[in-house]
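Just below is one structure, and these are the notes that go with it.
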Amino acid sequence: MLGKAWSILLAPLGLSIAVRINLLAAFTSALASGFLYLVAHRVLSELFEDRWCAIVGAAASTILGATAFTVWNQSNVNEKVYTISVLVIAWVTWLAILWNDRKDDLGSERYLLGMIFLLSLGSTNHLMSVLPAPAITLLILFTAPTTLLRNSFIIRAVPLILIGLSFNFVLPIRAGLDPVINEGDPTCESVIGAAQAIYSNGMVGCPMLADNLTRRQYQPPPVTQRKAPFVRSLLCTCSILIGNGLGVWTRPPYLGRAELHLAYYLDF
């Protein structure tokens, strides 16, 4: 849904849909880098009195993070859900720092509410978005645990969670329209069944939607069951590690890279 809205927004530019969606990845990754700069600057400001140390250090760490091979690859040539989740993680981390700095101020709960909404909303994009949740929970428990027990906080937090998770209703609505690409076919017979699956994280309710939400199709086989001969697995792992380590460099092969790839593909 976000990709569709973004594509419509950029339609007047005359760009192809592929370019528009790739720009979404670049844009969200750039925003994430901005939030991570703020986080790094705040942390370094506590360690160094000289403000330029914090500025330069935060800028350097942000550039290193943004240009890391995987981040750069996902941000411009391989648009998926990951850059959006990274944005959620970075945004939530910055809100956590703001809350920790101002937790004794009136109205500081709005930072916690913002984090809760972003985590709920981000989970409908990819469960990677909720990775900061354990750390944030520990931060609250160690600094201001009574905040979670306030009625005023709970009354406002619950609707935000429900609204954030409600974006999963897009799955059965879209599936019901019989689209050309309908992976998992999360069709539901009733709104109640869909709601049960969404708000129970697939424990009850619409079976097809529940399977999608719990990522049942991604369940791996038991660890005791080999999926390939050991030698082939070793060659594949080494090939991936060396390929990612060297990135997209065009210099002549070295360190046995070409030979290793050849051995892997011949074995395959």
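The values are calculated or read from the model by the stated rules, or taken from the named source; none is laboratory data. Worth saying up front: this structure is predicted, and the values here are computed from it rather than measured. Methodologically, a virtual Cβ is constructed for each residue, glycine included, from the backbone with ideal geometry; neighbour enumeration extends over all protein chains shown.
Being surrounded by 11 or more Cβ atoms within 10 Å (Cβ to Cβ), touching a helix residue (DSSP H, G or I) at 6+ places or on another chain (Cβ under 9 Å), free of Cβ contacts under 8 Å to residues at least 24 places away in the same chain and among the β-branched types (Val, Ile, Thr) is the requirement here; does Thr143 meet it? Against the criterion (surrounded by 11 or more Cβ atoms within 10 Å (Cβ to Cβ), touching a helix residue (DSSP H, G or I) at 6+ places or on another chain (Cβ under 9 Å), free of Cβ contacts under 8 Å to residues at least 24 places away in the same chain and among the β-branched types (Val, Ile, Thr)), Thr143 does not qualify. For Lys80, the conditions (1) under 29 Å from Thr137 (Cα atoms); (2) within 19 Å of the chain's Cα centre (by Cα); (3) part of a helix (DSSP H, G or I) all hold with the exception of (3). Restricting attention to the range 209-221, the residues being in a helix (DSSP H, G or I) and surrounded by fewer than 19 Cβ atoms within 10 Å (Cβ to Cβ) number 4. Checking the range 180-191 against the condition returns a match, with at least one residue being in a helix (DSSP H, G or I), surrounded by 12 or more Cβ atoms within 10 Å (Cβ to Cβ), outside the structural domain of Leu106 (by TED's automatic domain parsing) and at pLDDT 90 or above.
Of Thr28, Thr93, Thr70, Thr124, which residue is over 19 Å from Gly164 (Cα atoms) and polar (S, T, N, Q)?
Details: Thr28 fails: over 19 Å from Gly164 (Cα atoms); Thr93 fails: over 19 Å from Gly164 (Cα atoms); Thr124 fails: over 19 Å from Gly164 (Cα atoms).
Within the list Thr28, Thr93, Thr70, Thr124, the selection yields Thr70.
Do we find that Met203 is over 30 Å from Leu98 (Cβ atoms), surrounded by 15 or more Cβ atoms within 10 Å (Cβ to Cβ), without any contact (Cβ under 8 Å) to a residue 40 or more places away in the chain and over 22 Å from the mean Cα position of the chain (by Cα) in this structure? First the steps, then the outcome.
Working: over 30 Å from Leu98 (Cβ atoms): yes; surrounded by 15 or more Cβ atoms within 10 Å (Cβ to Cβ): no; without any contact (Cβ under 8 Å) to a residue 40 or more places away in the chain: yes; over 22 Å from the mean Cα position of the chain (by Cα): yes.
So Met203 does not fit the description; no.
Exactly one residue among Trp52, Trp72 is within 29 Å of Gly3 (Cα to Cα), assigned to a helix (DSSP H, G or I) and out of contact with any strand residue (DSSP E or B) (no Cβ under 8 Å at 6 or more places or on another chain), and that residue is Trp72.
Of all the residues that make up the range 197-207, how many are part of a helix (DSSP H, G or I) and in contact with a Cys (Cβ under 7 Å, 6 or more places away or on another chain)?
Applying the first criterion (part of a helix (DSSP H, G or I)) to the range 197-207 yields 197-199, 207.
Of the ones still in play, those that are also in contact with a Cys (Cβ under 7 Å, 6 or more places away or on another chain) are 197.
Final tally of qualifying residues: 1.
The condition (being of a type in the set (A, V, I, L, M), at pLDDT below 95 and either loosely packed, with under 15 Cβ neighbours inside 10 Å or over 18 Å from Gly122 (Cα atoms) (or both)) is satisfied by just one residue among Leu171, Leu149, Leu162: Leu149.
Just one of the numbered conditions (1) within 14 Å of the chain's Cα centre (by Cα); (2) among the basic types (Lys, Arg); (3) under 25 Å from Leu141 (Cα atoms) is not true of Arg42: (1).
Can you spot a residue in the range 28-45 that is assigned by TED's automatic domain parsing to the domain that holds Val92, modelled with pLDDT of 90 or more and over 18 Å from Trp94 (Cβ atoms)?
So in the range 28-45, the residues assigned by TED's automatic domain parsing to the domain that holds Val92 come out as 28-45.
Then keep just the ones that are modelled with pLDDT of 90 or more; that gives 28-45.
So of that shortlist, the ones also over 18 Å from Trp94 (Cβ atoms) come out as none.
No, the range 28-45 contains no residue that is assigned by TED's automatic domain parsing to the domain that holds Val92, modelled with pLDDT of 90 or more and over 18 Å from Trp94 (Cβ atoms).
Filtering the range 28-45 to residues that are within 16 Å of Asn73 (Cβ to Cβ) and either buried (at least 16 other Cβ atoms within 10 Å of the Cβ) or aromatic (Phe, Trp, Tyr) (or both) leaves Thr28, Ser29, Ala32, Ser33.
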